[in-house]
Amino acid sequence: MTVSEFCRKDIIDRYGLPEDKVVVTYDGVDARFFEPATPGEIEQTRKKYGIGDAYILTVGNLQPRKNLVRLIAAYSRLRRARPDIRHQLVIVGKKAWKYHPIMKSVKDSPWADDIILTDYIPDEDLPALYRGAAVMAYPSMFEGFGLPPLEAMACGTPVVVSDRSALPEVVGGAGIKVYPYDVEEIASAIAAVLLDEDVAAWFGRAGEKRATRFTWEQCAKRTMQVYEEVYRMARGRSGN
């Protein structure tokens with residue numbers, strides 16, 4: 001069992017397994033991400049982490065495949081090209097490995113003061129941060145599934161994601177997909193959401209609807225189906 005069709009195909013290709021031996025059981029989104037914010041929750045959470053009222057959000061450990069160096073470059077390009085865009089860039093995640101180029105990119109940015117590194121934050125603070133963001137940017141170069149953009153979609157926040165690995169499969173047509181190696185394309189996609197309220201609203205609604213397709217209940221049911229199928233096959237072979 002694996003979490004996406006992308007991973008399923010990869011496993012079959014790499015290990016030469018029969019196609020009927022590998023099945024997809026998609027991850028799910030916790031129900032709390034669909035719940036509306038309580039009064040003052042977003043503002044309180046923002047203040048807790050020193051975040052202003054307008055920001056671009058990304059969530060994930062600081063490591064090369066998350067493509068944060070290019071995201072920071074796209075943010076700097078966006079701020080340079082559009083002085084009217086004054087959103088902060090909020091990067092949520094702990095330092096993992098090979099994160100020094102990311103820290104250098106922040107330091108070297110002319111807008112370093114508007115780039116906030118929160119480090120790890122507890123899970124209970126994530127929904128409010130998602131809901132308060134103008135857009136969630138996730139141009140990761142490789143994901144087996146990609147839960148953070150799906151969580152953002154459940155919160156009604158528009159997402160910009162990479163067009164690589166499992167992300168297009170998860171997001172579908174409910175998010176803007178970009179080539180992760182193109183800084184200009186990343187910047188333009190973020191700008192499309194920030195500068196057009198209708199675009200932001202459409203992707204917010206579409207994302208929330210799309211996210212309802214991925215629940216842990218559905219994951220559990222599919223997992224049980226697989227167990228039952230394997231059990232029946234085992235009994236058939238044993239003659240019981």
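The values are calculated or read from the model by the stated rules, or taken from the named source; none is laboratory data. Computed from a predicted structure; not experimentally measured. Cβ sites come from the backbone with ideal geometry, for glycine too, and all protein chains shown count toward neighbours.
Assorted remarks:
- Selection of the range 167-190 for residues being crowded, with 24+ Cβ neighbours inside 10 Å and either more than 26 Å from residue 86 (Cβ to Cβ) or not assigned by TED's automatic domain parsing to the domain that holds residue 88 (or both) yields 167, 170, 171.
- Close pairs (6 angstrom Cβ cut-off, 6 or more residues apart or separate chains): surrounded by 12 or more Cβ atoms within 10 Å (Cβ to Cβ) in the range 208-229, among the polar types (S, T, N, Q) anywhere: 219/25; 222/25; 223/25
- Residues (in contact with a Lys or Arg (Cβ under 7 Å, 6 or more places away or on another chain) and more than 23 Å from residue 132 (Cα to Cα)) located in the range 62-98: 63, 64
- Tally, over the range 34-51, of residues that are of a type in the set (S, T, N, Q) and over 22 Å from the mean Cα position of the chain (by Cα): 2
- If the condition is being buried (at least 17 other Cβ atoms within 10 Å of the Cβ) and in contact (Cβ under 8 Å) with a residue 60 or more places away in the chain, then the range 94-124 contributes 116, 118.
- For the range 97-139, the set of residues classified as among the polar types (S, T, N, Q) and not in a helix (DSSP H, G or I) consists of 109, 118, listed by residue number.
- Restricting attention to the range 52-93, the residues being surrounded by 21 or more Cβ atoms within 10 Å (Cβ to Cβ), under 15 Å from the mean Cα position of the chain (by Cα) and either free of Cβ contacts under 8 Å to residues at least 12 places away in the same chain or part of a helix (DSSP H, G or I) (or both) number 3.
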